[in-house]
1. Exactly which trypsin sites (Lys or Arg not before Pro) in segment 31-71 are in a DSSP loop and have at most 13 other Cβ atoms within 10 Å?
2. From the P(r) of segment 7-70, can you give the percent of Cα pairs sitting at distances over 19 Å?
3. In the chain, how many lysine pairs have Cα atoms under 20 Å apart, counting only pairs 8 or more places apart or on different chains?
4. Can you list the residues, at least 5 places off or on another chain, whose amide H is less than 5 Å from the amide H of ILE12, using H built in the peptide plane?
5. Loop-only GluC sites (Glu not before Pro) in the chain, please: DSSP not H, G, I, E or B, and at most 15 other Cβ atoms within 10 Å.
6. Could you work out how far helix 51-70 tilts from the main Cα principal axis of the chain, as a 0 to 90 degree angle to the nearest 10?
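None of the figures in this text is laboratory data; all of them are computed from the coordinates on show. No experiment lies behind these values; they were computed from the predicted model shown. Neighbour counts run over all protein chains shown; Cβ positions are idealised from the backbone, glycine included.
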Amino acid sequence: MPKIGEKFRCPICHKEFTKQHKNEICLDHDHKTGKIGGYICGSCNASIGKFDVLQRAIQWLKGTLRVFLLG
């Protein structure tokens with residue numbers, strides 16, 4: 001785990017920052033298996049839990065786009 005004062009670059013969003021707070025960087029892991037993925041920023045960690053919603057939104061937008069384009 002990067003320590004406070006160390007530089008960190010999130011492998012997902014590529015945000016670079018110097019760690020200032022304990023919860024800025026999270027250890028990504030699978031809640032079912034416990035397997036470790038690696039360190040990511042807190043923002044990306046929160047977003048990962050919403051990816052299923054994002055996937056549904058993408059599908060909905062694809063359908064809506066067809067309606068708009070095809071009339």
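1. For trypsin sites (Lys or Arg not before Pro) across segment 31-71 that sit outside H, G, I, E and B with at most 13 neighbouring Cβ atoms in 10 Å, the list reads LYS32, LYS35, LYS50.
2. 48
3. Lysine pairs meeting the criterion: 10.
4. For ILE12, the qualifying residues are CYS41.
5. Of the GluC sites (Glu not before Pro), the ones in loops of the chain whose Cβ has at most 15 other Cβ atoms within 10 Å are GLU6.
6. 30
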